[in-house]
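**Q** Mind having a look at this structure? Questions to follow.
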Amino acid sequence: MSMGESFAKNKKGIVLMILSSICVCIGQLFWKLSVTDGISFMIVGFAFYAFGALIMLVAYKYGSLSVLQPMLSLNYIFTIFLAAFVLGEVITPMKLAGILVITASVVLIGGGDR
């Protein structure tokens, strides 16, 4: 199976897994914000996290586990960008290198179903 065929076969699962990762990261960001901004942020964080988990469960129906599970490593990338844009954290050259390695790995795994 070629890379394009693998993406086509797992496309819906991959899209859902990316959406799941985004929701989970937003949930974790709200947990972080709840430390200073109160319990309502914590509750919103749990809601996003739970929604992300539900989406992940649905995603497994539409793709291979060996392709979809590694997509969760996108959480690290989304977290770095959320931290930079919302919390003002700095994206260092080392973090940027990590982002590139994770992205390349996810693309290679996502394209290699067989």
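Only the coordinates and a few stated rules stand behind these numbers; no lab work does. Note that this is a predicted model, so its numbers are computed, not measured. No Cβ is skipped: glycine too gets one built from the backbone with ideal geometry, and neighbour counts run over all protein chains shown.
**Q** Exactly one condition in (1) exposed (fewer than 15 other Cβ atoms within 10 Å of the Cβ); (2) in contact with a Ser or Thr (Cβ under 9 Å, 6 or more places away or on another chain) is not met by K12; state its number.
**A** All conditions pass for K12, except number (2).
**Q** How many residues does the range 71-114 contain that are of a type in the set (K, R) and surrounded by 15 or more Cβ atoms within 10 Å (Cβ to Cβ)?
**A** 1
**Q** So which pairs qualify, if the first residue must be in the range 81-98 and within 18 Å of C23 (Cβ to Cβ), the second must be part of a helix (DSSP H, G or I), the Cβ gap must be under 6 Å, and the two must be at least 6 apart or on different chains?
**A** Taking only residues 6 or more apart or on different chains, the pairs are L82/C25; L82/L29.
**Q** (1) surrounded by 16 or more Cβ atoms within 10 Å (Cβ to Cβ); (2) out of contact with any Leu (no Cβ under 9 Å at 6 or more places or on another chain); (3) among the aliphatic types (A, V, I, L, M): which one isn't true of M17, the others all being true?
**A** (2)
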